[in-house]
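One structure is given here, and the rest of the page talks about it.
The values are calculated or read from the model by the stated rules, or taken from the named source; none is laboratory data. Everything numeric here is computed off the predicted structure, so don't read it as measured data. Quick reminder, even Gly has a Cβ in these numbers, built from the backbone with ideal geometry, and neighbours come from all protein chains shown. Remember, those area values only see protein heavy atoms, side chains included, never the ligands or the DNA or RNA. Shrake-Rupley method; radii C 1.70, N 1.55, O 1.52, S 1.80 Å.
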Amino acid sequence: MTALGVGLWLSALNVRYRDVMYTVPFLTQFWFFATPVVYSATTVHQPLQTLLGLNPMAGVVRGFRWALLGTTTAPGPIILVSSVASLLILAGGVFYFRRMERTFADLV
């Protein structure tokens, strides 16, 4: 859901603004560092953990760590926050793409 939502956003933006394709690698790298793959989400202080949970991949990574590595803390609320963020990204991407779709032929 997250990949589809981000893909819809970026594809609609790329039709309108041709320079978006140059920013995608930077956005991807930033998203990688914002996802707790290399570091554990528990090392982040509590107020920032909620903000980290807005990243849809944070819940996925924590769930995989819990399932595969046997960490003692279940992912719990971060899965819910990540799922809601993923749904919002998808809904926003679909809405923006559908709104911009009317002008694609004029711009291309």
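Secondary-structure-derived ellipticity at 222 nm for the chain, considering helices only, amounts to -22000 deg cm²/dmol, per-run term -39500 (n - 2.57) for DSSP H runs with n ≥ 4. For the chain, the longest principal axis of the C-alpha atoms and the axis of helix 77-101 are separated by about 0°.
Extension gain for the segment TRP66 to VAL44, taken as residue separation times 0.36 nm less the Cα-Cα distance, is 6.2 nm to one decimal.
Calculate, in nm to one decimal, what ARG16 and ALA34 gain on full extension: separation in residues at 0.36 nm each, minus their alpha carbon distance. The partial results should precede the final answer.
Values: separation 18, 0.36 × 18 = 6.48 nm, distance 2.71 nm.
Computed gain between ARG16 and ALA34 is 3.8 nm.
With contacts taken as Cα pairs under 8 Å at a separation of at least 6 residues, the chain carries a relative contact order of 43 percent.
Ordering 68-81, 44-57 by mean Cβ neighbour count within 10 Å, with the highest value first, yields 44-57, 68-81. Between the helical axis of 2-16 and the dominant principal axis of the chain, each derived from Cα atoms, what acute angle in degrees is found, rounded to the nearest 10? Its long axis makes an angle of about 30 degrees.
Please report, in debye to the nearest 20, how large the charge dipole of the chain is about its Cα centre when each Lys and Arg carries +1 at its beta carbon and each Asp and Glu carries -1 there.
Numbers: 7 positive and 3 negative charges, 18 e Å.
Dipole size: approximately 80 debye.
Name the longest site-free stretch of the chain, where the excluded sites are chymotrypsin sites (Phe, Trp or Tyr not before Pro) in a DSSP loop with no more than 13 other beta-carbon atoms within 10 Å.
40-108
Excluding ligands, DNA and RNA, the accessible surface per residue across the chain is 69 Å² with a 1.4 Å probe. Radius of gyration (Cα atoms) of the chain, expressed as a multiple of 2.2 N^0.38 Å: 1.26.
Between 0 and 90 degrees, the angle of helix 20-34 with respect to the longest Cα principal axis of the chain falls at about 10 degrees.
Counting only protein heavy atoms and a 1.4 Å probe, tell me what percentage of region 2-45's accessible area is made up of carbon and sulfur. Before the final figure, lay out the partial values.
On the way: 2330 of 3140 Å².
In region 2-45, the share of accessible area belonging to carbon and sulfur is 74 percent.
Residues in region 46-61 carry Karplus couplings, in order, of 4, x, 7, 5, 5, 5, 5, x, 5, 6, x, 7, 5, x, 5, 5 Hz; the curve used is 6.51 cos²θ - 1.76 cosθ + 1.60 with θ = phi - 60°, and Gly or Pro positions show x.
Take THR103: with every protein chain present and a 1.4 Å probe, its accessible area is about 50 Å².
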